[in-house]
Structure formats: structure tokens, C-alpha cells
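Derivation of every value follows stated rules applied to the coordinates shown; laboratory data play no part. For clarity, every value in this text was computed on a predicted model and none was experimentally measured. Virtual Cβ from ideal backbone geometry, glycine too; neighbours counted across all protein chains shown.
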Amino acid sequence: MNIEIRDVSWLQVLHEITLSVRSGEVAGLVGPNGSGKTSLLRCVYRSTRPDGGRITVGGMDVWQAPAREVARTVAVLAQDTPADLNNSVEQIVGLGRIPYLGALGRLSAAERTLIADTIERLELGPLRRRPYATLSGGERQRVQLARALVQEPKVLILDEPTNHLDLRHQVDVLRLARSIGVTVLVTLHDLQLAAAACDRLAVLSEGRVVAEGPAVEVVTHDLLRRVYHVEAHVTPGPDDLPRIFLPV
Ligand SMILES: Nc1ncnc2c1ncn2[C@@H]1O[C@H](COP(=O)(O)OP(=O)(O)OP(=O)(O)O)[C@@H](O)[C@H]1O
């Protein structure tokens, strides 16, 4: 399912942002601190209503459609998702089924299997009865991703999904995001990782899209100087991805 963001503005933070993400694509949103990445994602996953513009997923206007319909289509891994700390991993992951629950609020056998399989897929099996409060930052991140996956979304929004993760889990999470065949819009700070994980990148600066395209075209010496105020050496690698050498 594609995402179409048209002329979206919010406060003095986002300025007439227009961005398209094709169906099945993994699109990366990068940019300096405070450039508006999280604010834009919040507009897409129906958390912050934009002051102007329009956002559609698969043709559905996310701010006009019923909330339940949007929740069946768009799942999010936000930064620091609030959760009941006493709930077990299994209970938190199960929350992903809320948009599908009937009047009785009972999970079907198929849904329980989906939850169990997703917990295993994210290597959370040994933790499934543990209270959320006792988990590390990286474990919580994977639990929240599992919750988003059991939502069976068509569009997955990931806000810095790797920020608590060690190297292997960073790779695992981004591989998983690429493998599930849904449209993904992800913010990442690590440009090297973003280049490797995303089909295309969009760069935000002061609430505006200032560059867009394949990583090798977007991540350039000039862009890093202009947007990040860093003098870095950038060369194309053998895989046609940019290699960034930082002057530290
Ligand atoms: N509710 C709000 N009211 C006013 N300004 C806000 C609000 N929420 C965020 N901002 C401001 O909007 C700007 C963009 O914030 P946002 O969190 O979208 O940036 P970001 O690119 O995700 O940053 P980071 O990389 O630091 O996570 C920041 O200057 C922030 O202070």
C-alpha cells in the first residue's frame, strides 16, 4: 500500500511536506535533530493532526477514515511507547490485536498462534511471561515491534527502531522490516545503516524535504555539509552504497 503525503504543514515545525512512498518500499526519513522527522511520522500514524495538507495510505485519508480502520492498516513502533509496566511480554504483544477484537474482546486460536509465532520470530520466547518493567531498552524495543507486527499492518512506521539495539539486533530488525513485504517508513540517525536498509531516503531539514532518492545520490559530501554542518568524506562503495568517513 502506498503512502502519499501532500503539502503537510504543522505549527512552525513542518512546512508543506510532499512525499510519496511506493507500495512495498522501505523508505528512510533522515535529518538532523529537531528537523521534524517524528512530527511527520505522527501525522502519518494519526497521532498529530496536521494543520494543512493530506495523507493517504492506499488511497485512504488517514485523518478522515475511522480510527479502527487506520489501526488495521498502519502500525507504529514509536519512541518510548507508553505501556503498562506490570503487563507481561505476551500481553503487550497481544495488544496489537485490539483493532480486530469483537464485542467479547476474546482472541481467536489463530490470533493466539500469530502472537506466539511473532514472539518466537523476535527471539522473545524466553521472556514471554516477564513483566515489561523488567526488560532492557533493547528488549522493550523488540516487544513493541512484535506488537506492531501482530497488528498485521499494510504500512509499518518505525521511529528510530534501532536506537536501543546492539549491532546484531539492529541488522535483524531492519532485515525483518525489509522481509515482511509491507510498506515501511522508518527514521534512522545512522546514515550508513539507513543507506543499507532503505530503498530510498528523504532528508528533512528545518521541516522541509531537501533531498530525496537512492542513498548513493542523496548522501553526498555537499548534503552532509549543508544539512548536518559536517565535513565528511563520502565515496560510493562496491555495492553502490555511500561510505561515510567522519572527521573525528
Ligand atoms: N507539541 C509541540 N509543540 C511545539 N513544538 C514541538 C512540539 N513537538 C515537537 N516540537 C518541536 O518540533 C521540532 C521537531 O521535532 P521532532 O521531534 O519532529 O524532530 P526530529 O527530527 O524527530 O528530532 P530528533 O532527531 O531529535 O528525534 C523540534 O524543534 C521540537 O521541539
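At an R0 of 22 angstrom, the distance between the Cβ atoms of residue 86 and residue 116 translates into a FRET efficiency of 0.55. Put in order of Cβ neighbour count within 10 Å, fewest first, the listed residues 8, 210 become 210, 8. Neighbour counting of Cβ atoms within 10 Å sorts the residues 124, 204, fewest neighbours leading, into 124, 204. Sites listed here are GluC sites (Glu not before Pro) in the range 136-245 whose DSSP assignment is loop and whose Cβ has at most 16 other Cβ atoms within 10 Å: 206, 231. Neighbour counts of C-beta atoms inside 10 Å place 185, 223 in the sequence 223, 185, starting with the fewest.
Label residue 208 and residue 190 with points 7 Å out from Cα along Cα→Cβ: what is the distance between them in nm? According to this spin-label approximation, the distance is 3.1 nm. Legend: calculated FRET efficiency, residue 67 to residue 12, from the Cβ-Cβ distance at R0 = 30 Å, rounded to 0.05, equals 0.65.
Only the Cβ atoms of Lys and Arg (+1) and of Asp and Glu (-1) were treated as charged; on that basis the dipole of the chain about its Cα centre amounts to roughly 700 debye. With loop membership from DSSP and a limit of 10 other Cβ atoms within 10 Å, the longest segment of the chain without trypsin sites (Lys or Arg not before Pro) is 130-248.
Over the residues of the chain, the helix contribution to mean residue ellipticity at 222 nm works out to -8500 deg cm²/dmol, using -39500 (n - 2.57) for each DSSP H run of at least 4. For the chain, the longest principal axis of the Cα atoms and the long axis of helix 167-179 meet at an angle of about 80 degrees. In a DSSP loop and with at most 15 other Cβ atoms within 10 Å, the GluC sites (Glu not before Pro) in the range 79-123 are 123.
Applying 0.36 nm per residue to the separation of residue 222 and residue 4 and subtracting their alpha-carbon distance, the gain on full extension is 75.7 nm.
When its C-alpha radius of gyration is set against 2.2 N^0.38 Å (N residues), the chain gives a value of 1.03. Summing +1 for each Lys or Arg and -1 for each Asp or Glu among the other residues whose beta-carbon sits under 12 angstrom from that of residue 133 gives 0. Spatially, the range 157-227 and the range 1-61 are offset by 15 Å when compared through their Cα centroids.
Rounded to the nearest 10 degrees, the angle from helix 137-150 to the longest Cα principal axis of the chain is 70 degrees. Full extension of the chain segment joining residue 179 with residue 239 gains 19.7 nm, where the gain is 0.36 nm per residue of separation less the Cα-Cα distance.
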